[in-house]
Structures are given as structure tokens and as C-alpha cells.
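Undergrad: First the structure, which I've put down as C-alpha cells, then a few questions once you've had a look.
The values are calculated or read from the model by the stated rules, or taken from the named source; none is laboratory data. A quick note: this is a predicted structure, and the numbers were derived from the prediction, not measured. Because the Cβ atoms are built from the backbone with ideal geometry, glycine has one as well, and the counts that use them run over all protein chains shown. Side chains are part of the model used for accessible areas, which takes the heavy atoms of the whole protein and leaves out ligands, DNA and RNA. Shrake-Rupley method; radii C 1.70, N 1.55, O 1.52, S 1.80 Å.
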Amino acid sequence: MFYRLTRPLTHLVERYLPDPYVFVLLLTLIVLILASTVTPFTPIDAINAWGQGLWTLLTFAMQMLLVLLSGYMLASTPICVRALDKMAQKAKTPTVAIILITVISMLASWINWGFGLVVGALFAKSLAKHINVDYRVLVASAYSGFIVWHGGLSGSVPLTIATAGHFSVADIGVVETANTLFAPFNIILLIAMLIIMPILNACLLPPSEKQVMIDKHKLADTNPDTTSPTTHMTPAHKLEHNPWLGSAVGLLGCTYLAHYFFIENNGLNLNSVIGIFLFLAILLHKTPANLLNSLQNAMPGGAGVVIQFPFYAGIMAVMVDSGLAQQISRAFVAISTADTLPFWSFMSAGLVNIFIPSGGGQWAIQAPIVLPAAEMLGAEVPRVAMAVAWGDAWTNLIQPFWALPVLAIAGLKARDIMGFCLLQLLISGVVIAAILTWA
């Protein structure tokens, strides 16, 4: 249905969208130029801020990498792979395949963004093994489920403001997730996305003669089970293929997590999510050899995070220290009323997210601007906070940084899917903005 719209967009993106690494280099130059021309910063000030900022997010970068790697290792365990393959066999037509992968990736992203990215990519490969469907649209549909992550259980903004002692607690207090993640307007948003995105993605399918299929030989299993011992194994090899070693450590980790959640009554955070993924992956892979084999397959998906995250940290430092990010937010706040502040917060967050694809980092920049504005105008603080969260998630559809793990697993380039993602961005943006403003 939308083929005539996506064809020129896809052609445009394929021709002009560079590799994500080149994209972040261009963003770096743009931000340095803007900071040197529209803020009090001199070029030397901007360069110094950039250089000092390169290393400020290394801890967070490591957490992001571990989420992706541990999520991949869990999703590639035999039990998860069999579950994905079994679900993939339910899709009998390309349309059903697109709808199914959108729903599955969206539900997984609602639970946790890292798990959603990995499950969506692996499920795309499973579906492509069983049915002939345009692989570009399949992978774009898998990535589109990521749009709900900041309105889900791993959303950094709602979890941050629900934590005692967060940096804005003096202004807004502790905002319970009942007023953000489980508020009626957020539930309506999630349901709307769950209905609209699968239908939209199904409409993105080109006519059958125009669809681009993947060679099924390229989808062969790259993570075979290695538990079967070979002859003449050394003691070291026996340890690597010993299922009791992995099972024992996996059970120890799960025991700790059970105590952490149920005895100490702690909640989900980035570290505990990593722990869940990691220890379940160790337990379900059984042997160290299986886990390490899965890790080797996971590494290409994390390579882009390793090389690009310092550059985004540098960009964030320039935008914060120069006041450029604050200028963007203030410009939107200045034209807001109590009723329109959620809309303009959403739009400003979407723009800032292009330069700072980190929900937590972006909230640290925008919260000191949008929260006092909400108090002054009498707007709903939880709604404004979630507007920033949804704005951050929204433009991830065209921010190639977070598509890196999906693309690495699927074996595609950013330009292969971004034409479709651009139309997803336009339509979903209208829906999200309307619900944030009026629901």
C-alpha cells in the first residue's frame, strides 16, 4: 500500500545515508561548528569540551555493551532459538510474518530494550528461513518494536524519577511508576503502537515481484551446540565442555538474583537486567564452550557501540558545556503552554536524541529545563517526563546508532532499512504527539 511512498525514501537513503560511524563523525563536526557559532564557546573551548567528554561515559558504554552481549547470548540459547523457530513456523504469509515480528519485538522491547533488539533480529532470521518475505522490511519491522522501550520496564527516565535520591528529587520528589509507566496515557500509547505499527509495517511490503529476499544459505546456524565431547580431549577441553561447571555458576547467579529481588526487595535497574541475562545465558548454554561460542557471534553486534559511544559522549559534552542542548530545549519551552508543553517536550527530545542517543544522558540535560517549566506552567510533571522519554525513543527509528546490533545480527546495512524507518517515524510521531497532548 505504501510502496510508492517508501520507494523514493528508500532510494534517497540508499544513496545518501552513510555508515553509522561516518554519521557520528559528521554529527561531531556539526556540533562543534554550532557550539562555536551560536554559543559563547570559542572553537578551542568546543574542542576541549569534546576531548574531555570522550571518556565520560565509559562505564555506561560498558553497561550498554554487556546488555547487548548478554541479551544475545540468552536469546541464542537452544531453548530460546527453538521457541523463536516454533513461532516463526506459525507465519504462513509475508503479511503475517511482518505483523508477528513487530508484535514480538515490541513486547520484548517493552520488557527490556536490549532484549528487544536482539530477539527482534534473531526472530527476523528465523522467519526468513521459513518464508519468502522482503528481508529489508522484516528487519525494519523488528527494529520498529524498539519505539516502545522508553515507555516500558527498562525506561531510564521513569525509572530514574522513581528512584529515591534522584537528581531532581528536590524539585518533583519521587514520581512512582504508577504515574508514568502505568499511567492511563502511557498505556494508551503502548496499545496504540501495538496496533498501528504492525499494520503500518505490513503496508510497507512491496509487491511480490519487487521484494528483496535473502539467500537462505546465509541464515545457517552459526552457533551450533558444542557439548558433545570429541576424542582425545585434554583436561582443559573437558572443563570447557563440562555442563556442570556452567550450570553451577548459572544457579549461583540465579540464587543471588532471587535474594536480590525477593529478599532485599530491590527493583530492576541496568545492572540487575545484565545479571538476569548473563546468568540465565550461562545456565541455559550449560557448557562454557557453548557460551563462548555464542559470545563470539555476539561481538560484531557490539563493535559499533565500542567505537561510536566515545564520540557520542564527546558530542554530549559539547552540547551540555556550551549550552547548545539547553538552548534547543528552552526554545521549545518558550513557546509552550500547560497544555502544549508535553508536545514540545516530545519534539525537543526527538531533536536532541539525534545528537545524544542516550536516554539517561538526555534526561540529565533536559530535566533541569522542562521540569521547572512544568511547575511554572502548571503542566503534569509525569506526562512531561514521559514526553521526553517517548521523544528519545521516537527518533531512534532514524538514529542508526541503536540499529547497529540488529543490523549486525541480520547482516544488513543501515541504508537497507532506514527508508522504511523514515515513514515509520513520520506516522508514529503524529500518533504519539496526539496522545501525549490530548489523552
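Undergrad: Please determine whether any residue of region 68-79 is open to solvent by less than 40 Å² (accessible area, probe 1.4 Å), over 20 Å from the mean Cα position of the chain (by Cα) and closer than 19 Å to S109 by Cα.
TA: yes
Undergrad: Can you say whether V22 is within 23 Å of the chain's Cα centre (by Cα), surrounded by 13 or more Cβ atoms within 10 Å (Cβ to Cβ) and either β-branched (V, I, T) or outside any helix (DSSP H, G or I) (or both), as far as the supplied structure shows? Even if it seems obvious, please write down each step before you answer.
TA: Numbers: within 23 Å of the chain's Cα centre (by Cα): yes; surrounded by 13 or more Cβ atoms within 10 Å (Cβ to Cβ): no; either β-branched (V, I, T) or outside any helix (DSSP H, G or I) (or both): yes.
Here the answer is no, as V22 does not meet what is asked.
Undergrad: Here's something else I'd like to know. With the condition being within 19 Å of L404 (Cβ to Cβ), I'd like the helices (runs of 4 or more DSSP H) fully within region 37-102 carrying at least 1 qualifying residues.
TA: 58-75
Undergrad: Now, a different point. May I ask you to verify whether A124 is farther than 23 Å from G267 by Cα, under 13 Å from the mean Cα position of the chain (by Cα) and assigned to a helix (DSSP H, G or I)?
TA: Numbers: farther than 23 Å from G267 by Cα: yes; under 13 Å from the mean Cα position of the chain (by Cα): no; assigned to a helix (DSSP H, G or I): yes.
The answer is no for A124.
Undergrad: Ok, one more. Mind listing whichever residues of region 252-261 are open to solvent by 100 Å² or more (accessible area, probe 1.4 Å) and under 28 Å from the mean Cα position of the chain (by Cα)?
TA: Y256, the sole residue that qualifies.
Undergrad: Given the condition free of Cβ contacts under 8 Å to residues at least 24 places away in the same chain, of a type in the set (A, V, I, L, M), within 29 Å of Y135 (Cβ to Cβ) and assigned to a helix (DSSP H, G or I), answer yes or no: does some residue in region 418-427 qualify? First the steps, then the outcome.
TA: At the first step, the residues of region 418-427 found to be free of Cβ contacts under 8 Å to residues at least 24 places away in the same chain are 426.
Filter once more, keeping what is of a type in the set (A, V, I, L, M): 426.
Filter again for within 29 Å of Y135 (Cβ to Cβ), leaving 426.
If we keep only those that are assigned to a helix (DSSP H, G or I) as well, we get 426.
Yes, there is a match, as at least one residue in region 418-427 is free of Cβ contacts under 8 Å to residues at least 24 places away in the same chain, of a type in the set (A, V, I, L, M), within 29 Å of Y135 (Cβ to Cβ) and assigned to a helix (DSSP H, G or I).
Undergrad: Identify all residues within region 312-341 that are closer than 29 Å to M64 by Cα, open to solvent by 20 Å² or more (accessible area, probe 1.4 Å) and touching a Leu at 6+ places or on another chain (Cβ under 7 Å); write none if there are none.
TA: I328 - this is the single residue of region 312-341 that is closer than 29 Å to M64 by Cα, open to solvent by 20 Å² or more (accessible area, probe 1.4 Å) and touching a Leu at 6+ places or on another chain (Cβ under 7 Å).
Undergrad: Also, quick follow-up: Residues of region 238-251 being open to solvent by 40 Å² or more (accessible area, probe 1.4 Å) and touching a residue at least 24 places away in the same chain (Cβ under 8 Å), which ones? Write out each step before concluding.
TA: Within region 238-251, the subset open to solvent by 40 Å² or more (accessible area, probe 1.4 Å) is 238-245, 248-249, 251.
Of everything in region 238-251, those that are open to solvent by 40 Å² or more (accessible area, probe 1.4 Å) and touching a residue at least 24 places away in the same chain (Cβ under 8 Å) turn out to be L239, E240, H241, N242, P243, L245, V249, L251.
Undergrad: Something else now. Using beta carbons and a limit of 8 Å, which pairs, at least six apart or on different chains, have the first residue in region 267-289 and over 25 Å from P78 (Cβ atoms) and the second one modelled with pLDDT under 85 and of a type in the set (K, R)?
TA: Filtered contacts from region 267-289: no entries.
Undergrad: For L122, state whether it is more than 21 Å from H217 (Cα to Cα) and open to solvent by 10 Å² or more (accessible area, probe 1.4 Å).
TA: Values: more than 21 Å from H217 (Cα to Cα): no; open to solvent by 10 Å² or more (accessible area, probe 1.4 Å): yes.
Here the answer is no, as L122 does not meet what is asked.
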